Amino acid sequence: MAQNQALRWIQLLLKCTIFLSMTGAAVSSRLFSVIRFESIIHEFDPWFNFRATKYLVNHGFYKFLNWFDDRTWYPLGRVTGGTLYPGLMTTSAAVWHGLRKIGLPVDIRNVCVLFAPAFSGVTAWATYHLTCEIKDSGAGLLAAGFIAIAPGYISRSVAGSYDNEAIAITLLMVTFMFWIKAMKTGSIMHSTFAAVFYFYMVSAWGGYVFITNLIPLHIFLLILMGRYSTRLYSAYTTWYAIGTLASMQIPFVGFLPIRSNDHMAALGVFGLMQVVALGNFVKSQVSWQKFKTVMVLSLAFLLAVGICGLFALTYFGYIAPWTGRFYSLWDTNYAKIHIPIIASVSEHQPTAWPAFFFDTQFLIWLFPAGVFLLFLELKDEHVFVIAYSVLCSYFAGVMVRLMLTLTPIICVCAAVTISKLFDVYADFSFPQDNAASGAISRKTRLMTLITKLTVCASFLGYLYLFVYHCTWVTSNAYSSPSVVLPSRNQDGSPALIDDFREAYYWLRMNTAEDAKVASWWDYGYQIGGMADRTTLVDNNTWNNTHIAIVGKAMSSPQDKAYEILKEHDVDYVLVIFGGLIGFSGDDINKFLWMVRISEGIWPDEIKEREYFTPSGEYRMDAMASQTMKDSLMYKLSYYRFPSVYNGVEGMDRVRGQRIRQQDIGELDYFEEVFTSENWLVRLYKLKELDPIGRDLRSAGEFDRNAARGLKKRIARKPALDFRV
Amino acid sequence: MRVSLLTNLVAALLASVCAALSNQALAKEASKQKGVIKLTNANFEKVLGGQKDAYLVVLLTSTNPAIGCTLCAELEPEFDLLTESWLHDHPAGLSADGERALFFAKADFDAKKNSKVFVHFNANNVPRLLFISPENAFGTFSQINLPGEPGMTRVAAIMSALKEATGIADFELHQPINWGSIAVTAVATAVIVAVVRRNKALAAKLVACKSIWGLGTVFIIVIWNSGYMFNAIRGSQFAGMSQNGDAVIYFMEGQQQNQFGIETQIVSVIYGILAACTVGLITFVPYAANFYAKDKTGRPSPSKASFVEMILTLSFLITLYAVYSALMAVFGLKSSGYPFRLLRLPGKY
């Protein structure tokens, strides 16, 4: 007895140590970027979240919920408080206030930067408990270890990537953990917890729809398999009732849970659950024959009423049809045809196989093995894991960014596989005291030992390799802030390209506080966050037409573009140009999307075909089409570019083409005000209207002719000395 | 003097009228060759030139396998479908209002027979789909964009482009009904239904069989995880050809965000073997050891059991190691700079 107690203590101690070191590994492997660069917010969306968090901390919760942001989407503005998921910001504000309360006043930026790594520890803990329910604590520890360092999850949770996903995966795992517990025991407490965390998830990420559909799917499958029980009934109805009511409290979600088709499955299964429960009751009361007729009749009736009702409600507009993003998951061509703005985002591209291996390494082949092993047992909770695996494998294949939701279940299944393997082979206790089997020869023992040792050794070796792989991937692929770009000097020493911040800082210090900056939407959040200037469009992409306006301005000739931009009160235009240093993510490479998106709105004025050469190539050199050479984007990107070389021809290093001065021509409607060190960011000001009413082109022509005709007149100023 | 000028003029006019083919002649020419006029060095000036009032769609292509133009091969049935759909409704090539005529012509590259056609159109790459309108002078043409996605999407896109360019409204698509496929489906369904009705008990057993469901699910997961959806969405090429065209390339080297269709197949086989070995280690090996734990007479034979166990385990492990090494090597091809390898074959990589 005492020995047992001691063993339990040792086990607890070991578990605690393992958890501590796992959290340590999870956090520290996410800190590469902070150590290499600095504590900085990454990429694009996090800048908005950061700005919103600052607003929340400065103005309080109620003002935050009612926040109307007039500094974006000029002149429309954005009802920011009602169109964002506040979970992320409120959590970090709570952390910030909490730390202040205990006497640790930390800068809100540092809270935001280190938010994701901190929550990855919680994810590991939740994954542990989830896997414990699926198999046992051994598998749980393995799964927690996997999720802590799997690159598929790290990709969205390194320090500085302050995005909704950073907290969402944690909440996803916690919700699922409580759901599995609830569904196994029928406990109302656990399903209430699941509902509460579901609410938290709804407040944090649009991907909550995944939970809204997965849990009903789980229930539906169980009912189909004839596994209905009162446990399921109490778990699901509690979760659905509380979760739905709670989720409707988020302003952005509002009445969606009862009006949008994305949520109808949950409602339908809720109804089905009542019917099945009633059927079960009736079945226990009447004879089988009678029950059969009742069942068939009522099922047919319910189905007819349900389907008709759904169609009627959709037709009369009480239920919103599916959202575009949802369509694009099922009909993979939908986005390409109907919503180019969704198709233009690189995160929404389909996934090639190396991405799977890159993000999960050997877990990717342990994963199907794990699913198969779960099939052999097929308990109720295993059905959940299988449904999750199949659905997410599909989603991850269709969209790169959904790799993120697949990774946790890969970790769980792979952990189940490895743990089962070790259950069989890592048991080194021999049945030596077993008298019945007789003496076991040394040779037999040796053979068994070899078997077990080789299996354990080789899988430990693979695990070891996995750790190296994860560290390498994290360090090389996922730790760049993308605001600051790492590069090398000619002698090989590391250098940083800091053009973005240089330009944004210039904007902040040198332009009027209410200046409006037009740029492609990718840079909207950064301009708002770093330069604090008003933008026309940003990464929120809620208004396709507004984005198309900017696209149209960029693809039109300069006089027309000037008109469009003036109409929208724009003061500055910002373009990203990578041709000088070979930065391939620049605006010219995104230009076709601008053309496509504006063609969607003005098919008569903008035609994608005209931007290609006659043989259908996308070129910038002498062979480029005239429409291309005339477009504002071309002019603003290459203006003065050949002057870096010989003044006649410049070499674009991204596209490997020679750009001629004569193609670029003159810039009459815009003037260059700032170009960053490596020419990455170029800023132009819209010229003032001509004081004597000429159009700017003829004014420019006139000035040039005048300059050609006249020698430079030297303005002599009268000498103004102090007269003594 | 004046007379000779007049005769010259008349002669020139006559010549131009004779040189160009009228709509009827074009229709005749087309019907001779199953609806598509074949352009050759001899006839192309006659077909394309002069004053006519028909729109012409010209496909410059090269289906010769030696040239290796996969897009040309893809386009071939689509172009035929387009032509047949047009001729199905308009056997004379005239639109319903009788005002506009549309004909289809094609030149499949052959250095001896039709090289001049390609020179005429300045074609330096194939396939090209060109459009000639009667309003414009001889030698002017415009190009029709070929969308990237193959099949019906492309046919529909070309058709709508043609409708817009010609102003012909009654251009409908007529897909030939594939009776063979329908028949096969019908027969197969009937056979399956009959078989199921005969062996109800067995069918019920199969439907309830966990392993079958498990295998099916795992199969789907494996192919989805090896980039099947990427191929489906992007319509990737099945495999590549080396520069000189004498070797097949299986992997797009150094490109992590792109792949050939065959890569999915290779990788899913690799994943399948690896997963099968792991499942074998977990379930099959203990089962086999248990099976041999007692010999035929029922006496325990631990030595034989552990021998079988060891052999099976080692063979699974070695397969696993070899295939996993292959996977790492393949991934190394895709991701340049990936530092980890397992087994290094001497010489290569």
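What single numbered condition from (1) out of contact with any Cys (no Cβ under 7 Å at 6 or more places or on another chain); (2) within 12 Å of another protein chain (Cβ to nearest Cβ) fails to hold for B:Val119?
Tallying (1) out of contact with any Cys (no Cβ under 7 Å at 6 or more places or on another chain); (2) within 12 Å of another protein chain (Cβ to nearest Cβ), B:Val119 fails exactly one: (2).
Within region B:258-275, which residues are facing chain A (nearest Cβ under 7 Å) and hydroxyl-bearing (Ser, Thr, Tyr)?
The initial filter retains those residues of region B:258-275 that are facing chain A (nearest Cβ under 7 Å), namely B:258-259, B:263-264, B:267, B:271, B:274-275.
Residues satisfying the conditions are B:Thr264, B:Tyr271.
Quick check on B:Phe340: is it of a type outside the set (Asp, Glu), surrounded by 14 or more Cβ atoms within 10 Å (Cβ to Cβ) and within 39 Å of the chain's Cα centre (by Cα)?
Working: of a type outside the set (Asp, Glu): yes; surrounded by 14 or more Cβ atoms within 10 Å (Cβ to Cβ): no; within 39 Å of the chain's Cα centre (by Cα): yes.
Answer is no for this residue.
Starting from region A:560-575, take each residue that is buried (at least 24 other Cβ atoms within 10 Å of the Cβ) and list its partners that are of a type in the set (Asp, Glu) and in a helix (DSSP H, G or I), counting only C-beta distances under 7 angstrom and pairs at least six apart or across chains.
A:Val575/A:Asp587
Out of the helices (runs of 4 or more DSSP H) lying entirely within region A:1-102, which hold 2 or more residues that are surrounded by 18 or more Cβ atoms within 10 Å (Cβ to Cβ) and touching a residue at least 12 places away in the same chain (Cβ under 8 Å)?
Numbers: elements: A:2-29, A:32-36, A:45-59, A:61-65, A:80-83, A:87-101.
Hits in region A:1-102: A:2-29, A:32-36, A:45-59, A:80-83, A:87-101.
Tell me the residue from B:Arg299, B:Arg234 that is of a type in the set (Lys, Arg) and at the interface with chain A (Cβ under 7 Å from one of its Cβ atoms), please.
Going through B:Arg299, B:Arg234 in turn, just one is of a type in the set (Lys, Arg) and at the interface with chain A (Cβ under 7 Å from one of its Cβ atoms): B:Arg234.
Is at least one residue of region A:567-582 over 24 Å from the mean Cα position of the chain (by Cα) and in a helix (DSSP H, G or I)?
Looking for residues that are over 24 Å from the mean Cα position of the chain (by Cα) and in a helix (DSSP H, G or I), one finds at least one in region A:567-582, hence yes.
Regarding A:Ile242, is this residue over 30 Å from A:Arg78 (Cα atoms) and either touching a strand residue (DSSP E or B) at 6+ places or on another chain (Cβ under 7 Å) or of a type in the set (Val, Ile, Thr) (or both)? Even if it seems obvious, please write down each step before you answer.
Values: over 30 Å from A:Arg78 (Cα atoms): yes; either touching a strand residue (DSSP E or B) at 6+ places or on another chain (Cβ under 7 Å) or of a type in the set (Val, Ile, Thr) (or both): yes.
Criteria met by A:Ile242.
So which pairs qualify, if the first residue must be in region B:323-346 and more than 11 Å from chain A (Cβ to nearest Cβ), the second must be in a helix (DSSP H, G or I) and modelled with pLDDT of 90 or more, the Cβ gap must be under 6 Å, and the two must be at least 6 apart or on different chains?
Qualifying pairs under 6 Å: B:Leu343/B:Ser325.
Could you check B:Ala289 against (1) surrounded by 15 or more Cβ atoms within 10 Å (Cβ to Cβ); (2) within 48 Å of the chain's Cα centre (by Cα) and say which number it fails?
The failed condition is (2).
Residues to consider are B:Thr278, B:Thr283; find the one that is within 8 Å of chain A (Cβ to nearest Cβ), under 19 Å from A:Val416 (Cβ atoms), surrounded by fewer than 21 Cβ atoms within 10 Å (Cβ to Cβ) and not small (Gly, Ala, Ser).
On the way: B:Thr278 fails: surrounded by fewer than 21 Cβ atoms within 10 Å (Cβ to Cβ).
The conditions single out B:Thr283.
If you take the residues of region A:352-371 that are over 15 Å from B:Thr264 (Cβ atoms) and part of a loop (DSSP other than H, G, I, E, B), which of them is farthest from the other protein chains (Cβ to nearest Cβ)?
A:Gln361
Every residue in region B:22-63 that is at pLDDT below 75 and under 30 Å from B:Ala247 (Cα atoms), please.
Those that are at pLDDT below 75 and under 30 Å from B:Ala247 (Cα atoms): none in region B:22-63.
Scan region B:169-183 and give yes if some residue there is outside the structural domain of B:Cys72 (by TED's automatic domain parsing) and among the β-branched types (Val, Ile, Thr), otherwise no.
yes
Would you check which residues across region B:156-183 are among the β-branched types (Val, Ile, Thr), at pLDDT 80 or above and surrounded by 11 or more Cβ atoms within 10 Å (Cβ to Cβ) and list them?
Narrowing region B:156-183 to residues among the β-branched types (Val, Ile, Thr): B:158, B:166, B:168, B:177, B:182.
Subsequent filtering for residues that are at pLDDT 80 or above retains B:158, B:182.
The one that is among the β-branched types (Val, Ile, Thr), at pLDDT 80 or above and surrounded by 11 or more Cβ atoms within 10 Å (Cβ to Cβ): B:Ile158.
Which numbered condition in (1) free of Cβ contacts under 8 Å to residues at least 24 places away in the same chain; (2) loosely packed, with under 15 Cβ neighbours inside 10 Å is the only one that A:Asn280 fails?
The failed condition is (1).
What pairs come up if the first residue lies in region A:290-302 and is in the same structural domain as A:Val275 (by the TED database) and within 22 Å of A:Val269 (Cβ to Cβ), the second is of a type in the set (Val, Ile, Thr) and assigned to a helix (DSSP H, G or I), and their beta carbons are under 9 Å apart, counting only those six or more places apart or on different chains?
Pairs that qualify, where the first residue is in the same structural domain as A:Val275 (by the TED database) and within 22 Å of A:Val269 (Cβ to Cβ) and the partner is of a type in the set (Val, Ile, Thr) and assigned to a helix (DSSP H, G or I), are A:Val294/A:Val282; A:Met295/A:Val282; A:Ser298/A:Val275; A:Leu299/A:Val275; A:Leu302/A:Val275.
Quick check, is A:Pro408 touching a residue at least 24 places away in the same chain (Cβ under 8 Å) and not in a helix (DSSP H, G or I)? Lay out the reasoning, then the answer.
Numbers: touching a residue at least 24 places away in the same chain (Cβ under 8 Å): yes; not in a helix (DSSP H, G or I): no.
No: the conditions fail for A:Pro408.
Could you give me the residue pairs with C-beta distances under 7 Å whose first residue belongs to region A:146-169 and is on the phi > 0 side of the Ramachandran plot, whose second residue is part of a helix (DSSP H, G or I) and polar (S, T, N, Q) wherever it lies, and which are 6+ apart or on separate chains?
Partner pairs satisfying both residue conditions: A:Gly160/A:Ser33.
Pairs, please: C-beta under 8 Å, at least 6 apart or cross-chain, first residue assigned by the TED database to the domain that holds A:Leu214 and crowded, with 16+ Cβ neighbours inside 10 Å and in region A:239-254, second at pLDDT below 90 and outside any helix (DSSP H, G or I)?
That search, which allows pairs on different chains as well, returns A:Ser247/A:Val253; A:Met248/A:Gly254; A:Met248/A:Phe255.
Please work out which residue is nearest to the chain's Cα centre (by Cα), limiting yourself to region A:372-390 and to residues that are at the interface with chain B (Cβ under 10 Å from one of its Cβ atoms) and touching a residue at least 24 places away in the same chain (Cβ under 8 Å).
To start, the set of residues in region A:372-390 that are at the interface with chain B (Cβ under 10 Å from one of its Cβ atoms) comprises A:372-378, A:386-387, A:389-390.
Among the residues that remain, those that are also touching a residue at least 24 places away in the same chain (Cβ under 8 Å) are: A:373-374, A:387, A:389.
Working: A:Leu373: 32, A:Leu374: 30, A:Ala387: 23, A:Ser389: 20 Å.
Among those that are at the interface with chain B (Cβ under 10 Å from one of its Cβ atoms) and touching a residue at least 24 places away in the same chain (Cβ under 8 Å), it is A:Ser389.
The values are calculated or read from the model by the stated rules, or taken from the named source; none is laboratory data. These numbers were taken from a predicted model, which means no experiment stands behind them. Positions of Cβ are backbone-derived with ideal geometry, glycine not excepted, and every protein chain shown enters the neighbour counts.
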